[in-house]
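Encoded as structure tokens, the structure appears first; notes follow it.
The values are calculated or read from the model by the stated rules, or taken from the named source; none is laboratory data. On a predicted model such as this, the values are computed, not experimentally measured, just so you know. Cβ: placed from backbone, ideal geometry, glycine included. Neighbour counts: every protein chain shown.
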Amino acid sequence: MINPVELFVGLRYLRAKRRTRFVSFITLISLLGIALGVAALIVILSVMNGFEGELRGRLLSMSAHGTVTGAGGKTEGWQRIIDEVAAEPGVSAAAPFVQMEGMVQSGPELLAVLVHGVDPAYEKPLSAEMINMVEGELEVLQPGTRSIILGRILAYDLGARIGDGVVLLIPRPVGDGTLEPVLERFVLRGVFEAGLQDHDSVLALIHISDAAAIQGLGDAVTSIRFRSDDVMAAPVVAQSLQERLGESVSTSDWTIENGSYFRAIRLEKMMMSLILSLIIGVAAFNIVASLVMVVTDKTNDIAVLRTLGMGPDGVVRVFFVQGAMIGWAGVLIGVLLGVVLALNVPVIVPFLEQALGFQIMPGDVYYVTRIPSELEWQDVAIISVAAFVLTSLATLYPSRRAALVNPAAALRYE
């Protein structure tokens, strides 16, 4: 326990005298370094969280949070399964789904395409709010009308406009395990934009009955897609559905299907955290250096305190107070500055772009044209605690060195 005398002496040593101005300058640099490092960590992690949330939203804009698939990629009796999936706690909507891969042609252009067969009646509760229709509506997909909706980039690359005919070339499995090509003509009735190249450049939507007919599925579908109330709870919901529906089906969720994207973001966050932590580390070493110089300068004062009855542990606590106040003040300033900046990134960045005359993320290069920020208080707490611990540990060596001062040797020539 730090007593009032130790607290008073430790705080008193923070005030600069004329001959210790250089030590105080190093102390100020240490405080600013810690504040800068903590603030930078909070802001960068908030921006990375924002990009992760933006990516997650765009990835899931044209897909569901999870899927239920029958054996061999063919789901029979899907109406019953949809009812069971929709009845699962935490599921907000479920829809049948047929997926195909092939080629699409319009005029001389022939491009790869990923075809999703959907039913607008089921699809609207599932993802209609997430689909940004540039032209047309989802309801144009009706059985037998041979209507198709293309991603914006795919339609542009094909040079196709509303009303133009496009041809789908789809490989269909036959009984002996081989594939046969199927050519089907469709009419472009709509264009969507998901804001993600993986969707906008390869994805096409047709009615589920047309897709099932092309694949020869009959009344079956490829899988059942579902959307959960909480996107982060989708893995738990998928596991619960697997236990309820048994081994006749397999379940998956978005964290598995898009795991590579989020592993890359987590790796980037970890590396950015390690790099920016070096700023705090350098500032902590500055605290060590400044306290060592203070100990050297205050050798006689320490000897006087020892002769007045202060023990070695008391001397340790005096210099711990001095170093801890530097570190903790820096952490507090850094947290306040970082939180303010992280909460106002969407306001600060446009102001800087206007003031400097350039756009950080131009729309012709990036799909995300703004820098998002999502402050997570868990990150703030972890950064604060880690910085507190690091700056506190930085005081141990100078404090122990001060405690080892021999009063007799220090006062011998006084």
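Points to keep in mind about this one:
- Residue within segment 234-256 that is of a type in the set (Ser, Thr, Tyr), closer than 21 Å to SER127 by Cβ and free of Cβ contacts under 8 Å to residues at least 24 places away in the same chain present: yes
- Yes/no for ILE81 being assigned to a helix (DSSP H, G or I), outside the structural domain of SER127 (by TED's automatic domain parsing) and crowded, with 21+ Cβ neighbours inside 10 Å: no
- Flag for ALA160 being in contact (Cβ under 8 Å) with a residue 24 or more places away in the chain and either within 18 Å of LEU110 (Cα to Cα) or among the basic types (Lys, Arg) (or both): yes
- In the set (1) surrounded by 15 or more Cβ atoms within 10 Å (Cβ to Cβ); (2) at pLDDT 85 or above, MET62 fails one condition alone, (2).
- Residue match in segment 124-147 (condition: β-branched (Val, Ile, Thr), in contact with a Ser or Thr (Cβ under 9 Å, 6 or more places away or on another chain) and in a strand (DSSP E or B)): no
- Residue check, LEU169 surrounded by 13 or more Cβ atoms within 10 Å (Cβ to Cβ) and assigned to a strand (DSSP E or B): yes
- Selected residue [more than 22 Å from the chain's Cα centre (by Cα), in a helix (DSSP H, G or I) and surrounded by 14 or more Cβ atoms within 10 Å (Cβ to Cβ)] from SER209, SER250: SER209
- Against the numbered list (1) in contact (Cβ under 8 Å) with a residue 12 or more places away in the chain; (2) surrounded by fewer than 16 Cβ atoms within 10 Å (Cβ to Cβ); (3) closer than 28 Å to ILE326 by Cβ, ALA284 comes up short only at (2).
- Flag if ARG161 is basic (Lys, Arg) and outside any loop (DSSP other than H, G, I, E, B): no
- Of the candidates LEU126, LEU154, the single residue that is at pLDDT below 85 and surrounded by 14 or more Cβ atoms within 10 Å (Cβ to Cβ) is LEU126.
- Annotation for segment 108-115: at least one member residue is touching a residue at least 60 places away in the same chain (Cβ under 8 Å) and either closer than 25 Å to THR251 by Cβ or not in a strand (DSSP E or B) (or both).
- Residue among VAL365, VAL349 that is surrounded by 13 or more Cβ atoms within 10 Å (Cβ to Cβ) and either out of contact with any strand residue (DSSP E or B) (no Cβ under 7 Å at 6 or more places or on another chain) or at pLDDT below 75 (or both): VAL349
- Residue match in segment 313-328 (condition: surrounded by fewer than 16 Cβ atoms within 10 Å (Cβ to Cβ), at pLDDT below 75 and more than 30 Å from VAL47 (Cα to Cα)): yes
- The single residue among LEU274, LEU245, LEU267 that is over 20 Å from the mean Cα position of the chain (by Cα) and either farther than 16 Å from ILE82 by Cβ or not assigned by TED's automatic domain parsing to the domain that holds PRO181 (or both) turns out to be LEU245.
- The set of residues from segment 190-200 being modelled with pLDDT of 85 or more and surrounded by fewer than 23 Cβ atoms within 10 Å (Cβ to Cβ) comprises GLY190, VAL191.
- Considering segment 21-48, and only residues there that are touching a Lys or Arg at 6+ places or on another chain (Cβ under 9 Å) and modelled with pLDDT under 85, the residue that is surrounded by the fewest Cβ atoms within 10 Å (Cβ to Cβ) turns out to be SER24.
For (1) touching a residue at least 24 places away in the same chain (Cβ under 8 Å); (2) among the hydrophobic types (A, V, I, L, M, F, W, C); (3) not assigned by TED's automatic domain parsing to the domain that holds HIS207, each residue gets a yes or a no:
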{"site": "ILE131", "(1), (2), (3)": "yes, yes, no"}
{"site": "VAL140", "(1), (2), (3)": "yes, yes, no"}
{"site": "GLY151", "(1), (2), (3)": "yes, no, no"}
{"site": "LEU154", "(1), (2), (3)": "yes, yes, no"}
{"site": "LEU179", "(1), (2), (3)": "no, yes, no"}
{"site": "LEU183", "(1), (2), (3)": "no, yes, no"}
{"site": "LEU188", "(1), (2), (3)": "yes, yes, no"}
{"site": "LEU196", "(1), (2), (3)": "yes, yes, no"}
